[in-house]
Amino acid sequence: MMYENSLAFARQLDQQDPLRHTRNSFHIPQRDGVDLTYLCGNSLGLQPKMARQALEKELSVWQNLGVEGWFEPGDASGQVWLNYHERCKPALAQIVGAASETEVCPMNALTVNIHLLLTSFFQPAARKRKILTIKGDFPSDQYALETHVRQRGLDPADVLIEVAPRPDDLLIHTTDIQRAIAENADELAVIWMSGLNYYTGQVYNMAVIAETAARHCIPVGFDLAHAIGNIPLRLHEWGVDFATWCSYKYLNGGPGAVSGIFVHEKHHNQNLPRLAGWWGYREDRRFAMTPGFLPAVGADGWQLSTPNIPALALHQASLAITAEVGMSALRQKSEQLTGYLEYLLAPYDEVMLLTPDDPNQRGSQLSLLVRKRGKELFRHLTEAGIIGDWREPDCIRLAPAPLYNTFEDVWQVGEVLRQFYTT
Ligand SMILES: *Cc1c(COP(=O)(O)O)cnc(C)c1O
């Protein structure tokens, strides 16, 4: 697309935008009665207007039915709390590219799920005991791996193999990952990494990584925290063994919203080792309360506890928006918004992009490396009503989310940079 740096041009793109109405489904935070330019959906997505109603509905069921809410519908929909998680499944399966709803289940929180899935998929043997990951991945993932490895009586220094970014472009090259897999294949027990780097915004080629892993018979799992609801995913087709994510970033499920997992169908009949709880027990026999754990089929078998119904209500309400629009329409707008932001930043030599310029290797986020006066620029953006986020010592992350951001939002960023660097 040919871009222009003018407000009229940005407004014209907004008028032509087939998704221009979805912004109305969200509350846009304001300052002094004016909408902020919220470019922080990679950290916490905005509140869908439906969220309050969804929450209030379950509060009413609790108020009116008490414990019966688990088994009795609170309204004409006929839905009960007992299988509430199933209401989120059609949208989740669509968004992550599952073959069926049994491959996905909303549950727990992200880091909890990382531990649960590693318990099942990290099966170290004397020789095959290593884990391949990415150097500088999100801290929680690093802590999870380190402590998980120690908990098995192994030494992280011996077991963890980290693929590092190249010094010239700070990116992770797919070929470097493929080479590391091939070179260490005999010793690798599992591969665990992000699908989209939280810091640089780089999207990894999950299809190729999963294919390489499968060729060497090594299970591969992805942390999709920044990928879900941001880029199209085809987890089943790619042959990804397992994955987990959070729903408070691009899925707008609310602060600390319910996470979810994906377990590929090929593992459903293997009775994998796991840490179990009663909610993962076969649903038809759960209340028999008999000893001996019988897992529910598929991803459901990893559930532990009574689900957080208010959180699931928020999750369902926000998932519905993403599922209705569909990832392909979202992706199309996302590429244009991000491309426009890149175009507007291009004239400023002071601002370097950490994020790849190849649209196939990025989602909605651009990470700006600002070595000189970076913090000052960030403060200037914030004062002008542009909400991004700051990573010490010199990185500003801006994420135009296609569900609620406009081309005018993005144009504003260019305007503030122009003022900052010309005055
Ligand atoms: C946001 C994020 C997390 C956060 O984990 P929680 O358990 O939800 O607090 C973990 N990993 C990655 C890659 C993230 O982007």
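Every number in this text was worked out from the coordinates using simple rules, so none of it is lab data. If you're wondering where the values come from, they're calculated on a predicted model, not measured in any experiment. Note: ideal-geometry Cβ built from the backbone for every residue, glycine included; neighbour counts use all protein chains shown.
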Using eta = 0.692 mPa s and T = 37 °C, Stokes-Einstein with Kirkwood Rh from Cα pairs puts D for the range 110-152, in µm² s⁻¹, at 301
Determine the sum of side-chain charges near Arg127: Lys and Arg each +1, Asp and Glu each -1, restricted to other residues whose C-beta is under 10 angstrom from that of Arg127. +1
Across the chain, how many lysine pairs, 8 or more apart or on two chains, come within less than 28 Å at their alpha-carbon atoms? 16
So, over other residues within a Cβ distance under 13 Å of Leu344, counting Lys, Arg +1 and Asp, Glu -1, the net charge is -4
Assuming 0.36 nm per residue, please report the length gained on full extension of the stretch Glu376 to Glu237 beyond their Cα-Cα distance. 45.5 nm
To the nearest 0.05, what FRET efficiency results for Asp357 and Arg282 with a Förster distance of 51 Å applied to their C-beta separation? 0.55
Ranking Lys57, Lys372 by Cβ neighbours within 10 Å, fewest first, what do you get? Lys372, Lys57
Percent RCO, i.e. relative contact order, over the range 98-307, from Cα pairs under 8 Å lying at least 6 residues apart: 26
Neighbours of Gln361 by Cβ distance under 15 Å: Lys/Arg at +1, Asp/Glu at -1, summed charge -3
Taking N as its residue count, the alpha carbon Rg of the chain over 2.2 N^0.38 Å: 1.02
Quick note on His267, His226, ordering by fewest other C-beta atoms within 10 Å, gives His267, His226
Do you know the relative contact order of the range 199-315, to the nearest whole percent, from alpha carbon pairs under 8 angstrom that are 6+ apart? 21
Expressed in nanometres to one decimal, the distance between label points 7 Å along Cα→Cβ at Arg20 and Asp169 is 3.7
Could you check what % of the DSSP bridge pairs in the chain are antiparallel, to the nearest 5? 55
In the range 319-394, what is the volume of the convex hull around the alpha carbon atoms, normalised per residue and reported in Å³? 116
Along each principal axis of its Cα atoms, how long is the range 98-307 end to end? Whole angstroms, biggest number first, please. 59, 42, 29
Note on the chain: contact order normalised by length, alpha-carbon pairs under 8 Å, 6 or more apart, percent, works out to 23
For the residue pair Thr423 and Val67, what label-to-label distance in nm results when each label sits 7 Å from Cα along the Cα-to-beta-carbon direction? 6.5
